[in-house]
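To start, the structure under review is shown below, and the notes come after it.
The values are calculated or read from the model by the stated rules, or taken from the named source; none is laboratory data. Remember, it's a predicted structure, so these values are computed and weren't measured experimentally. Every residue, glycine among them, receives a Cβ derived from its backbone with ideal geometry; neighbour counts consider all protein chains shown.
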Amino acid sequence: MTPETLANLANNALYSSMVVFTLAMLAFVAHLSARAPRRAQARASARTDALVAAGVGAAADGGTRDARDVARDRAGEPAPGSAAYGPESLRSRQWGSIGLTLTYLATLLLVGSVVLRGVAVARPPWGNMFEFATAAVAAVGVAYSVLARRNRWEWLGVFIVTPILLVLGLAVTVLYTEAHELMPALKSYWLAIHVTVAFLAVSLFTLGAAVGAVYLLRRRREVRPSARPGVIESLPSAAALERTAYSLNMGGFILWTFTLIAGSIWAKQAWGAYWQWDPKEVWTFVIWAVYAAYMHSRATAGVDARKSMYIALAGYAAVIINFTAVNLVSTFVGMHNYSGM
Amino acid sequence: MTSTDTRTPRRTTPEPQPPDLGVLGMLRWAWRQLTSMRTALFLLLLISVAAVPGSIFPQRNIDPGRVADYLTRHQSSGPWLDRLGFFDVFSSPWFSAIYLLLFISLIGCIVPRAKVHLKALRSRPPRAPARPERLEHHASLTTSAAPEQVLATAREVLASRRFRVHSHDAASVSAESGYLRETGNLVFHVALTGIIVGMAVGHLFGWRGDVIVPEGQKFASSISTYNTFSPGPWVNPARIPSFVLTVDKMQADFIQTPGKTFGQPRDFIAHTTVQARPGAAAVPEQISVNHPLSIDGADVFLLGNGYTPVITVRDAQGEVLYHDATPFLPQDQTYRSVGVVKVSALPAPKQLGLTGFFLPTAEPTFANGPASVFPDALDPELALSVWEGTLFPGGMPQSVYTLNTEAMKQVTKPDGSPVLVRLKPGQTYELPGDRGSVTFDSVKRFAGLSVRHDPGELIALVSAILTTAGLILALTLKRRRVFVRVRQADDPDGRAATVVSIGGLSKDSDAGLTAVIQAVHDRLAERTTAT
Ligand code: HEM
């Protein structure tokens, strides 16, 4: 097959994956709405439930926990008393399962598209912004697919698949670049290592930020219970969400540290200096320092978990800036501007 | 307390006074503040905010040209930003202050924690609580096995899971694991200081020299032969290596197929011959992007390339005044390049200066000024304006790539329009007014080489690897304590039984601890009832 046919095939796989992701998103929405209690039933028991929920939230944050609590957290089930949900409804479980299956399929198509494109250009397929964005969301899809079933993260699906779709939409409209070769400075296996690990880190940060945002919502409801409990109350407890977000961000942070090191080894080969504060390096450092601050804040006595989460989300904002503005906007011109835009 | 009372209240108690700490006390207090976790947190956030301007404003260390450009475009705000260090963010006093504080705080943090940890490493797990079942993670069982047997099994199970085990009394076992977590944390923080030390060593003892070498020319390394040489403050000039390098051929390939990437570079390779020192054996070497050449403690990087048109200037009698391969610096992706020829062989007010463009594939009409349509030398052309006067007014040194026209006048044709010399290779232009001629003989490429030596690099690299290793230990391991306590009781049938209570404690949320407790429980249940 010629590179052109391969590149076309890659594009078709990409469009197909967008279609399937859209279906997955709809299934996840159906799943979430089926999770919510029926209104009448909810209204009847809202007050007492809310009181219990608040009490349990506080206990789970600092009080005693037994093995059952932990098992429940792992299973992603709601904390006891979060509005007497009982077991998840069959309909909700079915939709969740459909959403997950569709996500696997869409992720597979997307990964296939990235691989085909790599074959078409005979190099790692992340030499420009279009390829970079596609590969990054493919990594997010893979990370979510791997972790979702085990952790019963169907409820997280909407928050993952929607951003993936947005990025893919941007990629095919604004960022699209034809398949082509790399600039000489980009031909290095350190680049492959550096970028691969960066993708992994970013995918974990993305999951961490999504769970973190859900945590903030959940926690607000625990502190100030709503008169009409809904989807949010059906999610895992705020304390469990916070721990999950921490684990994800922690994994992301380790990988980011490695990204930073591999990047400077590459910079040394390509430019002769391992660190010279070019804008991309500045932002890599900023992300690293903000997440380090998050780690610290979480270990500092007297810092509220909510504040720590804001720091983590600020770190994620820096991740987004790093992959968008720093590549595209001319004020950030440095040595990294190979994006082909 | 917004109302003002007209009556003076009687003072019953003296106003609260800050405790009198004295100078030493104040220092101690300041030190404790500086080395607290909160301060570290604050400084980390501060340094990340402080780094951002370094990516928004052009920086002198990366591109001084853009800084100068910014300053001319922002006449009012520019100088203020400059004074505040926004064009040298990473060497500005405020940025340095933050990272120095962070560095001090880091050391102030490591030392006491290392002491505490060393002690902990030599200590025993603490005494088991009276009721382990009240701990966060717990399990219990009743068994017919004897207490000693239960405790022995518990000890065995915990030891096999790399717990440090100790019995403070006959009815309990205490176990602790995850000492490596704190070790990893300390390694991480110590290695961070290592990175900073490595960077400092590189700054103090490192040097960098940049040079442009046209094809066919020889470059002998020494402080004075580089175009620019930037040594760190403590560099010993005698230690600069004295290798000799000849650029035989500078190979540059560009994408020729039409499309969005038309004209983008594909490969750059400098084919060179290198002698480790003058007179040593000549060895062929290739230098390309991502593949520097290491020689005598220094690394030679290929950081740029471009064209050196060979230009000859003759006087009216045909005498050669200037003949050289003159580097023109590329300005954009199409290698439209600017350069200067300074004909200083003539007496002062009659000196000639030529300045203008080299276009590797010239766009013929010049409709939008001189432009190149492709970076390869497919149809090269020179376009130069000519100046006459004094090249070096006041004998001031100046860049070889710019012409100081302060004391010069542009040469015009008899009709008063300025002279524009346009030449293809092999062509000659006769200057008006008996000023002689300019010939474009041929064109060669040049290699832009950067030679660097950074003795701090290895320190930084090793520290960076240790940082990652320490981080992985610190973040993935858990500090856990497990206690087992036995109590004798009678079971409902009146037979002797042992009630075993297992409890676990972890510093952070730790779902894995439940699994450990469960495992201890299961092993006790299976072993001790089996007998
Ligand atoms: C250069 C700046 C610093 C960076 C990038 C940094 C980074 C980190 C990271 C990523 C962790 C998480 C590892 C873990 O949880 O075990 C951590 C933990 C910790 N850091 Fe730092 N740190 C810095 C400076 C400091 C300073 C100045 C202090 C002392 C005030 C400090 C004290 C601690 C402590 C006590 C922990 C352990 C928290 C825990 O028990 O989980 N760090 N640091």
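Residues considered: B:D82, B:D69, B:D88. Of these, the only one that is farther than 30 Å from A:S308 by Cβ, among the charged types (D, E, K, R) and touching a Leu at 6+ places or on another chain (Cβ under 8 Å) is B:D82.
Just need a number here: residues in the stretch A:238-285 that are within 7 Å of chain B (Cβ to nearest Cβ) and closer than 18 Å to A:G212 by Cβ. Adding up the residues that qualify gives 3.
When the stretch B:466-501 is filtered for residues that are within 16 Å of the ligand (Cβ to nearest atom) and either of a type in the set (D, E) or under 30 Å from B:P233 (Cβ atoms) (or both), the ones remaining, listed by number, are B:L466, B:T467.
A quick yes/no check of all residues on (1) in contact (Cβ under 8 Å) with a residue 24 or more places away in the chain; (2) among the small types (G, A, S); (3) within 30 Å of B:M408 (Cβ to Cβ); (4) surrounded by 15 or more Cβ atoms within 10 Å (Cβ to Cβ):
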| residue | (1), (2), (3), (4) |
| --- | --- |
| B:F254 | yes, no, no, yes |
| B:R266 | no, no, no, yes |
| B:T273 | yes, no, no, no |
| B:F301 | yes, no, no, yes |
| B:Y307 | yes, no, yes, yes |
| B:R314 | yes, no, yes, yes |
| B:V340 | yes, no, yes, yes |
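Please work out if A:Y246 is within 14 Å of the ligand (Cβ to nearest atom), within 22 Å of the chain's Cα centre (by Cα) and either in the same structural domain as A:A209 (by TED's automatic domain parsing) or within 26 Å of B:P455 (Cα to Cα) (or both).
Details: within 14 Å of the ligand (Cβ to nearest atom): yes; within 22 Å of the chain's Cα centre (by Cα): yes; either in the same structural domain as A:A209 (by TED's automatic domain parsing) or within 26 Å of B:P455 (Cα to Cα) (or both): yes.
Yes: the conditions hold for A:Y246.
The residues on offer are B:S96, B:S48, B:S55, and the sole one that is assigned to a helix (DSSP H, G or I) and either of a type in the set (D, E, K, R) or over 22 Å from A:V326 (Cα atoms) (or both) is B:S96. Scanning the stretch B:480-521 for residues that are under 19 Å from B:L158 (Cα atoms), surrounded by fewer than 19 Cβ atoms within 10 Å (Cβ to Cβ) and touching a strand residue (DSSP E or B) at 6+ places or on another chain (Cβ under 7 Å) gives B:V499, B:Q518.
Within this structure, B:L71 passes the test of being surrounded by 12 or more Cβ atoms within 10 Å (Cβ to Cβ) and more than 25 Å from the chain's Cα centre (by Cα).
Here the strands (runs of 3 or more DSSP E) wholly within the stretch B:415-462 that include at least 2 residues being in contact with a Gly (Cβ under 6 Å, 6 or more places away or on another chain), assigned by TED's automatic domain parsing to the domain that holds B:P241 and crowded, with 21+ Cβ neighbours inside 10 Å are B:437-453.
Would you check which residues across the stretch B:62-93 are outside any helix (DSSP H, G or I) and not acidic (D, E) and list them?
Across the stretch B:62-93, the qualifying residues are B:I62, B:H74, B:Q75, B:S76, B:L84, B:G85, B:F86, B:F87, B:S92.
Considering B:L106, B:L81, B:L34, the condition of being at pLDDT 90 or above and within 16 Å of the ligand (Cβ to nearest atom) is satisfied by B:L106 alone. Of the residues making up the stretch A:293-310, those that are surrounded by fewer than 24 Cβ atoms within 10 Å (Cβ to Cβ), within 9 Å of chain B (Cβ to nearest Cβ) and free of Cβ contacts under 8 Å to residues at least 40 places away in the same chain are A:H296, A:A299, A:T300, A:A301, A:G302, A:V303.
Consider the stretch A:268-316 and keep the residues that are closer than 20 Å to A:L255 by Cβ and outside any helix (DSSP H, G or I). The one that is nearest to the ligand (Cβ to nearest atom) is A:W275. So, of the residues in the stretch B:233-276 that are among the aromatic types (F, W, Y) and not in a loop (DSSP other than H, G, I, E, B), which turns out to be farthest from B:V211 (Cα to Cα)? Only one residue tops the list, namely B:F254. Do we find that B:T183 is surrounded by fewer than 17 Cβ atoms within 10 Å (Cβ to Cβ) and in contact (Cβ under 8 Å) with a residue 12 or more places away in the chain in this structure? No, not satisfied.
Applying the set (1) without any contact (Cβ under 8 Å) to a residue 40 or more places away in the chain; (2) surrounded by fewer than 15 Cβ atoms within 10 Å (Cβ to Cβ); (3) farther than 30 Å from B:P284 by Cα to B:K218 leaves exactly one unmet item: (3).
Just to be sure before I move on: is A:G315 under 25 Å from B:L475 (Cα atoms), modelled with pLDDT under 95 and more than 7 Å from chain B (Cβ to nearest Cβ) in the structure I sent? Criteria not met by A:G315.
In summary, strands (runs of 3 or more DSSP E) completely within the stretch B:133-191 and bearing 2 or more residues that are more than 14 Å from chain A (Cβ to nearest Cβ) and within 42 Å of the chain's Cα centre (by Cα) occur at B:172-177. Among the residues making up the stretch B:86-95, those that are within 13 Å of another protein chain (Cβ to nearest Cβ) and either within 10 Å of the ligand (Cβ to nearest atom) or out of contact with any helix residue (DSSP H, G or I) (no Cβ under 7 Å at 6 or more places or on another chain) (or both) are B:D88, B:S91, B:S92.
Condition first: closer than 18 Å to A:S297 by Cβ, more than 11 Å from chain A (Cβ to nearest Cβ) and within 14 Å of the ligand (Cβ to nearest atom). Can you find one or more residues in the stretch B:42-63 that meet it? No: zero hits. Note on the stretch B:217-232: residues that are in contact with a strand residue (DSSP E or B) (Cβ under 6 Å, 6 or more places away or on another chain) and either β-branched (V, I, T) or not in a loop (DSSP other than H, G, I, E, B) (or both) total 8. All told, A:L248 falls short of being part of a helix (DSSP H, G or I), among the aliphatic types (A, V, I, L, M) and free of Cβ contacts under 8 Å to residues at least 40 places away in the same chain. Residues in the stretch A:197-217 that are surrounded by fewer than 24 Cβ atoms within 10 Å (Cβ to Cβ) and free of Cβ contacts under 8 Å to residues at least 60 places away in the same chain: A:A210, A:V214, A:L217.
For the condition within 17 Å of B:V421 (Cα to Cα) and away from chain A (no Cβ under 14 Å), what is the one hit in B:A276, B:A345, B:A362, B:A282? That would be B:A362, the only listed residue that is within 17 Å of B:V421 (Cα to Cα) and away from chain A (no Cβ under 14 Å).
Out of the residues in the stretch B:109-132 that are among the small types (G, A, S) and away from the ligand (no atom under 16 Å from the Cβ), which is farthest from the other protein chains (Cβ to nearest Cβ)? Let's see the steps before the verdict.
Initial filter on the stretch B:109-132 (among the small types (G, A, S)): B:114, B:120, B:123, B:128, B:130.
With away from the ligand (no atom under 16 Å from the Cβ) added as a condition, the list becomes B:123, B:128, B:130.
Details: B:S123: 22, B:A128: 18, B:A130: 16 Å.
Only one residue fits best here, namely B:S123.
Condition (residue is within 16 Å of the ligand (Cβ to nearest atom) and of a type in the set (A, V, I, L, M)) applied to the stretch B:145-156: is it met by at least one residue? No, the stretch B:145-156 contains no residue that is within 16 Å of the ligand (Cβ to nearest atom) and of a type in the set (A, V, I, L, M). Considering A:F285, A:F253, which residue is farther than 30 Å from A:N151 by Cβ and either among the acidic types (D, E) or assigned by TED's automatic domain parsing to the domain that holds A:W190 (or both)? The match here is A:F285.
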